[in-house]
Amino acid sequence: MRHVEISGTRLRLREVTVDDVDALHAVYGDSTATEHLPFDPRTREEVEGIVAEAIRAAETEPRRLYVLAVVDLEEQRTIGVARLHIEADHPHSAEIGMGLRPDHWGRGIGTDLVRLILVLGFRHLRLHRVWGARSPANTAAQLTMLVAGMVEEGRIRHHVRARGAWRDSVVHSALEDEWEGYRLV
């Protein structure tokens, strides 16, 4: 699958373009949006590099990295980013990540986003397992993934180094044969 475009009732996922740099910097560069992510806020130049890497990855075969713009259908504006990375040694499995502008939090959009990523992984890419890791302190992400149909698997101790210290991660996953696609937004 080279070109991705998937829509739900409120959101659309599409390939990122150079025109998305400022919108993605509003997520990647925001200290609130990145509080629980394993990196410090990114500079605009770093976001330009992320977008350039995403565009290159979209042209590779087999494609392993999907970095997608999250578009609010009502506003017709990019409000976030979704990432799906297929593991080279385990091509049936992929890790997901996401970020939304904080002014879109608390409205269920994160749950809609996770569901759309699961549609991409299971319906379009025919994966068997999709998983994501979150900071133990990020209870909003916990609720988002659980409501979207993912299962909490457990904790990886000292998984990532963030903000100058080691941090655990809590892993959530969904399996193809357990996934309920009808729960799409």
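I'm told V21 meets every condition in (1) touching a residue at least 12 places away in the same chain (Cβ under 8 Å); (2) over 21 Å from G132 (Cβ atoms); (3) open to solvent by 20 Å² or more (accessible area, probe 1.4 Å) except one. Can you identify the failing condition by its number?
Among (1) touching a residue at least 12 places away in the same chain (Cβ under 8 Å); (2) over 21 Å from G132 (Cβ atoms); (3) open to solvent by 20 Å² or more (accessible area, probe 1.4 Å), the lone unmet condition for V21 is (3).
Give the residue that is nearest to G8 (Cα to Cα), with candidates limited to residues of the stretch 101-124 that are of a type in the set (A, V, I, L, M, F, W, C) and touching a residue at least 60 places away in the same chain (Cβ under 8 Å).
Taking the candidates together, the pick is L116.
Out of the stretch 47-56, which residues are surrounded by 15 or more Cβ atoms within 10 Å (Cβ to Cβ) and of a type in the set (G, A, S)?
The answer is A54, and nothing else.
Every residue in the stretch 53-100 that is small (G, A, S) and free of Cβ contacts under 8 Å to residues at least 12 places away in the same chain, please.
A57
The values are calculated or read from the model by the stated rules, or taken from the named source; none is laboratory data. For clarity, every value in this text was computed on a predicted model and none was experimentally measured. Please note: Cβ atoms are built from the backbone with ideal geometry, for glycine as well, and neighbour counts cover all protein chains shown. Please note that ligands, DNA and RNA were not included when accessible areas were found on the heavy atoms of the full protein model with its side chains. Shrake-Rupley method; radii C 1.70, N 1.55, O 1.52, S 1.80 Å.
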